[in-house]
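Novice: Handing you this structure, nothing more for now.
Bear in mind that the values in this text are calculations on the coordinates, not laboratory data. Quantities reported herein were computed from a predicted structural model and do not represent experimental measurements. Counting neighbours? That spans all protein chains shown, and the Cβs are built from the backbone with ideal geometry, glycine included.
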Amino acid sequence: MVFKSPRNKEAITFKSDLDKLIKRHFYDELIVCNDVTDVLKKYKSLSVALDRIGGEVVLNLKGTLPYTHANVEYHCPIGITIGTLYPKTPPLFKVISSGTIRIATNHPCVAKNGNIVMAYFDKWSARCTVMDAINLVLGEFNKQSPIYQVGQLEQVITLTEVVSPRLTISSEKKINECIPDWMPDSGLSLDSTYNDIHDGIKDAHKNIKRSIVESKPQLLVDYDCDITKYDLHKCIMEEWVPLCADIGLALKRQYSDKLYLSSQIRQMNYHTTILDDVADYFGRVNKLASQIKQLEVDVDATSGKEDIYSESLESFYNQVVITDKDPRIKAITAELSADSMIELVNTTFKRKRISTKDYIQYIRRLSTERFIAMYQRRQLSAA
């Protein structure tokens, strides 16, 4: 059994309008363009489009991804949403169900609503890429298929079915309101799925009106020539299509709000981490300042014994400028500051925030400063 979707056989390249919008709204446009281009070159069944969800611009990749399960090739309909902070924040992967394709239950990484949840996204860092995420997702799909196909008798066709974040709108006016005002008139347009759903609603509405007109004599007989009942029947039949479209619009707004809030939570978590680091920094500064003052008092009281320094000063990751004229305090503080900087560089390198080349340069320089400070301290203590 193979799930297929129309494939784009043309070479996929970013249009100039799309490039401009990415540069305007995304944090690192070069990484976004390179990563998305690599994905589109490898998986030609995917298409790219820019959308505005809430107050945030996102890049959507929609189509199918091929995977092999039990020696049979399948094509899974999927949507990938890339936020403006990428690669600092992970993309959102979602399996898209339809009338004949359903999401499998009890899948290890696909939730009931289609969202893909993996440990790779929880441990996401700036070095991760959307291509690596796709490969890991397909690896899980190869182990257990995330979708299955239902028979024709079980197929449920609804005009409000959601295939992408853009849902159906009941009228031309609402459709025009739904199109983002920042989209250019040329180069970027609504995707084919959205247009197909809109055309289906218009055709259904016409068929309903024609059916009511053709069956009017029989309906009047059925209602005993009661015009009131006939008018009520006509009103119900003609209004159900706009009603379904309004439900689709409400679902679209709810989905947009959910994605927007998720993006805000990720940004808040990122800024919270930065604020925690800043708070820790100033806390250490205040603590060290009080220790330096106490150290100066101890130097005057003990005639400069070395043990007082080693017991009083604690590790700190920022070099401190001492204004006191006593060279012994400067030497001891410089040595301890070098030790603390080495510890900070090691921690930063473990978190993969600096390159190996920079790490080696920092360690060599700090080790030299620590040796010079230790040599000066020993000479001053011996004297």
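Novice: Can you figure out the FRET efficiency of Leu243 with Arg24, using R₀ = 41 Å and their beta-carbon distance, to the nearest 0.05?
Specialist: On the way: r = 38 Å, r/R0 = 0.93.
With R0 = 41 Å, the Cβ-Cβ based efficiency is 0.60.
Novice: To continue, here is another question. Using 0.36 nm times the number of residues separating Asp257 and Asn346, minus their current alpha carbon distance, what extension gain do you get? List each step's numbers first, then the result.
Specialist: Numbers: separation 89, 0.36 × 89 = 32.04 nm, distance 4.10 nm.
This chain segment gains 27.9 nm when fully extended.
Novice: Most exposed first by the Cβ proxy, i.e. fewest other Cβ within 10 Å, how do Tyr270, Tyr362 rank? Walk me through the intermediate numbers first.
Specialist: Values: Tyr270 13, Tyr362 18.
Least to most surrounded, the residues fall as Tyr270, Tyr362.
Novice: For a quick check: sort Tyr223, Tyr74 by the number of other beta carbons within 10 angstrom, fewest at the front. It would help to have the intermediate numbers written out before the result.
Specialist: Working: Tyr223 15, Tyr74 23.
Arranged by neighbour count, lowest to highest, Tyr223, Tyr74 become Tyr223, Tyr74.
Novice: Given the pairs Lys23/Lys94; Lys42/Lys94; Lys23/Lys143; Lys42/Lys357; Lys143/Lys352; Lys123/Lys143, which are separated by over 29 angstrom at their Cα positions? Each step should come with its number before you reach the end.
Specialist: Details: Lys23/Lys94 25 Å; Lys42/Lys94 19 Å; Lys23/Lys143 38 Å; Lys42/Lys357 33 Å; Lys143/Lys352 31 Å; Lys123/Lys143 22 Å.
Table pairs above 29 Å Cα-Cα are Lys23/Lys143; Lys42/Lys357; Lys143/Lys352.
Novice: Which of Val130, Val72 comes first, and how do the rest follow, when ranked by fewest Cβ neighbours within 10 Å?
Specialist: On the way: Val130 22, Val72 10.
Ranking Val130, Val72 by Cβ neighbours within 10 Å, fewest first, gives Val72, Val130.
Novice: Right, here's the next one. FRET efficiency for Asp222 and Asn71, Cβ-Cβ distance as r, R0 = 56 Å, nearest 0.05?
Specialist: Details: r = 57 Å, r/R0 = 1.01.
My answer for the efficiency is 0.50.
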